[in-house]
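Engineer: Just passing along the structure, written as structure tokens.
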Amino acid sequence: MLYSRHYPGFEPTVGIMSKQGNYSRLLAIDIGNTNIVFGVHDGEEWSFHWRVQTVRERMPDEYAVMFRNFLSEAGLDFKQFEHTVLSSVVPQLTAGLSRMVAQHTGFPPVIVSARVNTGLTINIDHPDSMGSDRIADAVAAYERFKGNCIVVDFGTATAFTVVAEPGEIIGAVIAAGLNTTADSLVRRTAQLPQVELVPPPSVIGRNTIHSMQAGLVLGHIAMVEGLIDRIRAELNGAKVVATGGLSTVLAPLTDHFDAVDPWLTLDGLRLVAMRNPRIE
């Protein structure tokens, strides 16, 4: 099993070509329900990436200050980017952050959706309804495995995105994420406490905390394993990659993953940016 920040399996010299023929610097932003993940690709590797909390009430100017501070600490500023790409599943933030990026870089970002060139066919009932983060996940996974593959994204929802040869997104499974399930359980019961989401010493809990951890953490893993087995059976086999904020916590509890990459979505955004020219 592979654990990595820098995406082994991708060609390290594949970057985005600038007009001068040089590999250029890319800013990729993934706006999720819980976190905003953004990173800087220098044409060869992800030199910086960050994960911050999504705050829907924060104004674009406030996000601009936050981004500028992170970039400044890395010795960068907005004007150094030749390409930008943005994915968002939070509609109230999409337009504002897109305008903010355009204002500070001088050009609009590529906004990932079913309507841009992803390199994959989105073969589902309503392609426009597919989340841009899951499109990016699928793009990165298929680039890695070059065949049938499943992305399990551990976020606010635990989402399974399924890609089949010769490069078709054919569907998905969406379940409540681990934190979402835990929060709902505690909120709807009078006597169950908040617990740390780690595996208990035994699947049979001898106290309330261990019993909850068994049901939440090990139960979530059992659900993930069962769905992977069922999807693999329908596809006659598939590689599986885990991503998302909880992937490094949950993936070691099972042998069902061929790779674990918390930053997979960013690399999918990079690949989409490569396939769509910058809008001047």
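Engineer: Can you tell me which residues in the range 66-83 are surrounded by 11 or more Cβ atoms within 10 Å (Cβ to Cβ) and part of a helix (DSSP H, G or I)?
Structural biologist: The answer is MET66, PHE67, ARG68, PHE70, LEU71, PHE78, GLN80.
Engineer: Can you name the condition, by its number, that ASP125 falls short on among (1) assigned to a helix (DSSP H, G or I); (2) surrounded by fewer than 18 Cβ atoms within 10 Å (Cβ to Cβ); (3) among the charged types (D, E, K, R); (4) out of contact with any helix residue (DSSP H, G or I) (no Cβ under 8 Å at 6 or more places or on another chain)?
Structural biologist: Of the numbered conditions (1) assigned to a helix (DSSP H, G or I); (2) surrounded by fewer than 18 Cβ atoms within 10 Å (Cβ to Cβ); (3) among the charged types (D, E, K, R); (4) out of contact with any helix residue (DSSP H, G or I) (no Cβ under 8 Å at 6 or more places or on another chain), the odd one out for ASP125 is (1).
Engineer: Can you name every residue in the range 228-256 that is part of a loop (DSSP other than H, G, I, E, B) and modelled with pLDDT under 95?
Structural biologist: GLY244, GLY245, LEU246
Engineer: Any residue in the range 207-224 that's in the same structural domain as PHE154 (by TED's automatic domain parsing) and under 20 Å from VAL152 (Cα atoms): show its pairings with residues that are among the β-branched types (Val, Ile, Thr) and not in a helix (DSSP H, G or I) at Cβ separation under 6 Å, as long as the two are six or more apart or on different chains.
Structural biologist: Pairs found: LEU218/VAL203; ILE221/THR254.
Engineer: I would also like to ask the following. Picking from THR156, THR208, THR189, which residue would you name as being over 22 Å from VAL249 (Cβ atoms) and of a type in the set (S, T, N, Q)?
Structural biologist: THR189
Engineer: Something else about it: Please count how many residues of the range 195-206 are among the aliphatic types (A, V, I, L, M) and free of Cβ contacts under 8 Å to residues at least 24 places away in the same chain.
Structural biologist: Looking only at that region, the number is 3.
Engineer: State whether the residues of the range 137-145 include one that is more than 24 Å from ASP229 (Cβ to Cβ) and in the same structural domain as VAL241 (by TED's automatic domain parsing).
Structural biologist: yes
Engineer: Out of all the residues in the range 110-122, which are assigned to a strand (DSSP E or B) and either crowded, with 16+ Cβ neighbours inside 10 Å or in contact (Cβ under 8 Å) with a residue 60 or more places away in the chain (or both)?
Structural biologist: Listed by number, the residues that qualify are VAL110, ILE111, ILE122.
Engineer: If you take the residues of the range 211-234 that are in contact with a strand residue (DSSP E or B) (Cβ under 9 Å, 6 or more places away or on another chain) and of a type in the set (A, V, I, L, M), which of them is nearest to ASP258 (Cα to Cα)?
Structural biologist: Applying the filter and picking the extreme gives ILE228.
Engineer: So, in the range 157-205, of the ones that are among the polar types (S, T, N, Q) and under 15 Å from ILE221 (Cα atoms), which residue ends up surrounded by the most Cβ atoms within 10 Å (Cβ to Cβ)?
Structural biologist: Residue satisfying both the conditions and the ranking: THR158.
The values are calculated or read from the model by the stated rules, or taken from the named source; none is laboratory data. Here the structure is a predicted model, which is why all the values come from computation and not from measurement. Neighbour counts are summed over all protein chains in view; Cβ atoms, including those assigned to glycine, are modelled from backbone coordinates with ideal geometry.
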